[in-house]
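Contents: one structure, followed by commentary.
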Amino acid sequence: MAPQTPDNEWIRQKLDTLTDYADKLYNIHPGATNEIGPWAALKLFHLIVTVDLYTRIIHKTNGIDRKLYFDVLAGSGIVELEDLEVNIYGSPIIAAVFPEYPFDELHFFEGKEERATALSQRLDYIADETPLDIDRDACFVHQGDANQTVPETVEDIIQESGYSGTNQLTFADNERMEISWETMIALSRIWGDYLINFQHKGISRELGYLESGDASEQRIETAHRKLHRFVGGQQYRDCSSVDELRDLYKQQLATIGEEYDKPNNNRPINKQIRVTGAGDRYSYDLIYATRETDSGSPYIQFMDNMRDRIERMSGDNVSDVIDIMQGNATGLDEFIPDASEVKRDEDQSSLGDF
């Protein structure tokens, strides 16, 4: 069987078409955007190839007939790059537009009413006014605190259709430590994978308060509460650095399914990509968490390949990625491995074997 890899030509076509509407989508609700640094565009670029590859694999997996996508910090659908006056599409639009084999349901969670409204209107516009093929009826925008609305939605899905035949991909784009561990546990009830933005700056700040002799007692208590909520216990007390806390978080992911006595729902394989901003002023890890396999996985090998590419990137390369996301996709092949670079065990048919 030929390796499953992202279809670069398919991505190019979507990029070219969607770019024509980026400013129009912005103008639907000009005040409702998320502002990000140029380096943060890398996570969105990575999400493009993630949803394309994930849905290709799941589409060919026996026993899975329902693909779900959860975007637990969705935003408004459009992001603005700081200092560049450039608008690009956010994670909800990426997930709705780019997969060749679309998700059967897409659940977008946004806490701010203005952004949730803007996202709904932008999805309407794409469905009604552009040639992009999205199923608007499959897109659900949930307004409210994700740590409350995500567990409720997961419970509703399970009550409606159970577990059988369902798989999910979750994107948790933390800016600090917004998504609690209890929410991650709730998501683990449905078999599937996570792509998590593990931010360093906010976590480092909270750890610093615990180690500082100058912080007030109230501020130290706040740091304890935030870290406890993020990792779901007291284990953070043994961590003195962001890297140690990230390793703890990955250990938690490895056994998360055990919370529901469903060991097949754990995520023992955790791959990470380190993204560092200009001048090392900020950084984050993209963690992909999935199930274990004895015979290898095209996606895990793909993540290794992407990590090697991204972790050696310079500022000039980030500019190249922004050009790609704006539809100037001539450099796409430089960042996405082709089939010859992703080797695969012939006995591994799909993610469903995990």
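Just so you know, all these numbers are worked out from the coordinates, no wet-lab data involved. Only a predicted model underlies this, so the values are computations on that prediction, with no experimental measurement involved. Heads up, the Cβs are rebuilt from the backbone with ideal geometry, glycines too, and the neighbour counts pull from every protein chain shown.
Find out how many positive minus negative residues lie around G111, taking Lys and Arg as positive, Asp and Glu as negative, among other residues whose Cβ is under 10 Å from that of G111.
-2
Report the extension gain between N328 and D104 in nm, rounded to one decimal, defined as 0.36 nm multiplied by the number of residues separating them, less their alpha carbon distance.
Result for the pair: 77.7 nm of gain on full extension.
Nearest-5 percent of antiparallel DSSP beta bridges in the stretch 33-117?
DSSP beta bridges in the stretch 33-117 are roughly 35 percent antiparallel.
Suppose each label sits 7 Å from its Cα in the direction of the beta carbon; what would the T17-R274 distance come out to in nanometres?
3.9 nm
With all distinct Cα pairs included, what does the Kirkwood hydrodynamic radius of the stretch 67-152 come out to in Å, to one decimal, could you say?
Taking every pair of different Cα atoms in the stretch 67-152, averaging 1/r and inverting gives 13.2 Å.
With no solvent and one equal point scatterer per Cα, compute the Debye intensity ratio I(q)/I(0) for the stretch 129-242 at 0.13, 0.17 Å⁻¹ and report its log10, rounded to two decimals.
Debye output, listed in q order: -0.64, -0.92.
Order these peptides, 189-196, 243-250, 124-131, 86-93, by their mean beta-carbon neighbour count within 10 angstrom, highest first.
With the highest mean Cβ count within 10 Å placed first, the list reads 86-93, 189-196, 243-250, 124-131.
Taking 0.36 nm per residue of sequence separation and subtracting the Cα-Cα distance, how much length would be gained by fully extending the chain between K112 and Q234, in nm to one decimal?
40.9 nm
So what is the relative contact order of the stretch 74-166, in percent, for Cα pairs below 8 Å that sit 6 or more residues apart?
27 percent
Less than 22 Å apart at the alpha-carbon level, and either on another chain or at least 8 residues along: which lysines does that give for K250?
Cross-link targets: K43, K201, K226, K262, K271.
Put a dot 7 Å past each Cα toward the Cβ at S283 and E175; how far apart are the dots in nm?
Label at E175, label at S283, 2.3 nm between them.
What shape does the stretch 79-128 have by the C-alpha gyration tensor, where a ≥ b ≥ c are the square roots of the eigenvalues, rounded means a/c under 1.5, and otherwise prolate means a/b greater than b/c and oblate the rest?
Taking the square roots of the gyration eigenvalues as a ≥ b ≥ c, the stretch 79-128 is oblate.
Would you please state the base-10 log of I(q)/I(0) at q = 0.17, 0.19, 0.25 1/Å for the stretch 11-88, with intensities from the Debye formula using one equal scatterer on every alpha carbon?
-0.81, -0.95, -1.31
So how much slack lies between R225 and K60, counting 0.36 nm per residue of separation and subtracting their Cα-Cα distance, in nm?
That works out to 55.1 nm of additional length.
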